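Trainee: One structure follows; several queries about it will come next.
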Amino acid sequence: MHYADLLIHSAQMMVTMKGFSDNPACGEEMSEVGIVEDGAVAIREGMIVAVGTTAEIRAAGWSGPDTQEISARGKVVTPGFVDPHTHVLYAGSRENELSLKLKGVPYLEILKQGGGILSTVRSTRQASDEEIKAQTRRRLQTMLSLGTTTAEVKSGYGLMVEDELRALRLIRELNDTQVIDLVPTFMGAHAVPTGYSEAEFTNYIVDEMLPVIAAENLAEFCDVFCEPGVFSLESSERILLKAQQLNLKLKMHADELASAGGAELAARLGVVSADHLLQASDQGIEALARQGVIAVLLPATSFNLAKNSYARARDMIRARVPVALATDSNPGSSPTESMPLVLTIACLYLRLTPEEVLAGATINAAHAIGRAKQVGSLEVGKQGDVLILDIPNLNYLPYHFGNNPVETVIKKGKVVWG
Ligand code: NIG
Ligand code: FE
């Protein structure tokens, strides 16, 4: 018998999210979170080897003389959070845009004036590799302290091929040199750089950037900011079809600011996830459900843009669209690293239950970035990514907000924070 390296035991409530590694949870399944009272999880060589009640795990003899034991008495144990949509690789910040926002200047108007995303493109291009890495490492460390153990990261503050390649190389380096597992996405189609028309820049992405990006093998996904005034449906489709030919998986920023058929296109292309979706139409929602496209909802962005408009998460769940949640962490529309904050906003304004928000932040989020076989639930054979939350029950997680509920973060069986 091999003993476990780490045993977390006596959890008041352990939430496993088990049973959804093959297909994401949708509809009523999003409430079936797999609660175990007096729960325990055993980890060996970074992988989960046993999950059950403390009595069961003890009876099976997993704890040996060298096993580290952590009591979670009175606390909640969950899988590590998966943040499936971030733009955390950049240099600089945009607090100067706060006053414009408060005056009512729209997000896309700031971009048109050369600010917004284009302002971060300038500060990122000007920064050295070391500066970008140092700033991003700090953000990732904050994310880790707030319970994120796996995250997607997009390029998109470079826009020209050398800058985008640099961004993807830095994401790979950061993946290799800090704790959070990073899934890289190429998002050259984030904004149209000054001096280009949308058509010219789309040609540049399709003919010159994508072949190089794919050949370097630095990205798993390709994403497009599909929005009237940024990349049209036609441009988005051309970019995503080319990416698909080059064996990249697809994502889309769809129907964020205007209802323009983004969700319908996402379904037609069979993307893995369509993100934002505030303005998705009824037909769009039905099409996503039919194709099994995951809706990655970003309620912290709605909150921060202060427009009192949120994605129709309840309609999506009713239609059986699998829903996931993410921070959208970026210097403009969502300057936060906090999944716990996202869960509170999702509960209050997307009207999701505490069970649904947890499904959205773990197993469904893992599906949205192609990692559901490795992470997102506490099941034998998965990575030992576990959170101990200093809260008495699951309702408490979205209820008590603005503080960090995370007491201990375990990544691949090692205590990495707390
Ligand atoms: O998802 N919508 C486009 N991209 C980001 C914002 C990036 C930025 O403002 O820097 C988003 O909201
Ligand atoms: Fe985004």
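Trainee: In the set 50, 40, which member is surrounded by fewer than 24 Cβ atoms within 10 Å (Cβ to Cβ) and either touching a helix residue (DSSP H, G or I) at 6+ places or on another chain (Cβ under 7 Å) or assigned to a loop (DSSP other than H, G, I, E, B) (or both)?
Mentor: Of the residues listed, the single one that is surrounded by fewer than 24 Cβ atoms within 10 Å (Cβ to Cβ) and either touching a helix residue (DSSP H, G or I) at 6+ places or on another chain (Cβ under 7 Å) or assigned to a loop (DSSP other than H, G, I, E, B) (or both) is 50.
Trainee: Of all residues being in contact with a Gly (Cβ under 7 Å, 6 or more places away or on another chain) and either over 22 Å from residue 16 (Cα atoms) or not in a loop (DSSP other than H, G, I, E, B) (or both) in the stretch 64-88, which is farthest from ligand 1 (Cβ to nearest atom)? Just the residue, please.
Mentor: 77
Trainee: Mind checking which strands (runs of 3 or more DSSP E) fall wholly inside the stretch 240-331 and carry at least 1 residues that are under 16 Å from the mean Cα position of the chain (by Cα), within 16 Å of ligand 2 (Cβ to nearest atom) and farther than 22 Å from residue 347 by Cα?
Mentor: Output list reads 249-254.
Trainee: Counting only residues that are in the same structural domain as residue 298 (by TED's automatic domain parsing) and over 15 Å from residue 149 (Cβ atoms), give me the helices (runs of 4 or more DSSP H) lying completely in the stretch 343-418 with at least 1 of them.
Mentor: Ranges flagged: 354-361, 363-368.
Trainee: Just checking, does the stretch 322-338 include any residue being over 22 Å from residue 185 (Cβ atoms) and either within 16 Å of ligand 1 (Cβ to nearest atom) or among the small types (Gly, Ala, Ser) (or both)?
Mentor: no
Trainee: Give 352, 358, 305, 325 a once-over and let me know the one that is among the aliphatic types (A, V, I, L, M) and within 22 Å of residue 94 (Cβ to Cβ).
Mentor: On inspection, the qualifying residue turns out to be 305.
Trainee: Separate question: Quick test of your reading of the structure: residue 222 fulfils all but one of (1) of a type outside the set (Phe, Trp, Tyr); (2) more than 18 Å from residue 202 (Cβ to Cβ); (3) touching a Lys or Arg at 6+ places or on another chain (Cβ under 9 Å). Name the failing condition by number.
Mentor: Every condition holds for residue 222 apart from (2).
Trainee: If you go through the stretch 126-141 one residue at a time, do you hit one that is within 16 Å of ligand 2 (Cβ to nearest atom) and in contact with a strand residue (DSSP E or B) (Cβ under 7 Å, 6 or more places away or on another chain)?
Mentor: No - not one qualifying residue is present in the stretch 126-141.
Trainee: Surrounded by 22 or more Cβ atoms within 10 Å (Cβ to Cβ) and either under 20 Å from residue 152 (Cβ atoms) or not assigned by TED's automatic domain parsing to the domain that holds residue 253 (or both): which single residue out of 335, 299 fits that description?
Mentor: Of the residues listed, the single one that is surrounded by 22 or more Cβ atoms within 10 Å (Cβ to Cβ) and either under 20 Å from residue 152 (Cβ atoms) or not assigned by TED's automatic domain parsing to the domain that holds residue 253 (or both) is 299.
Trainee: I've got another one for you. Taking residue 103, is it surrounded by fewer than 22 Cβ atoms within 10 Å (Cβ to Cβ), outside the structural domain of residue 409 (by TED's automatic domain parsing), basic (Lys, Arg) and farther than 30 Å from residue 167 by Cα?
Mentor: yes
Trainee: Out of everything in the stretch 234-249 that is among the aliphatic types (A, V, I, L, M) and within 16 Å of ligand 1 (Cβ to nearest atom), what residue ends up being surrounded by the fewest Cβ atoms within 10 Å (Cβ to Cβ)?
Mentor: 239
Trainee: Can I ask one more? With the requirement that a residue be of a type in the set (Phe, Trp, Tyr) and either part of a loop (DSSP other than H, G, I, E, B) or surrounded by fewer than 20 Cβ atoms within 10 Å (Cβ to Cβ) (or both), what does the stretch 137-192 give you?
Mentor: 157
The values are calculated or read from the model by the stated rules, or taken from the named source; none is laboratory data. Small disclaimer: the values here were computed from a predicted structure and weren't measured. Reconstructed Cβ throughout: ideal geometry from the backbone, glycine too, with neighbour counts over all protein chains shown.
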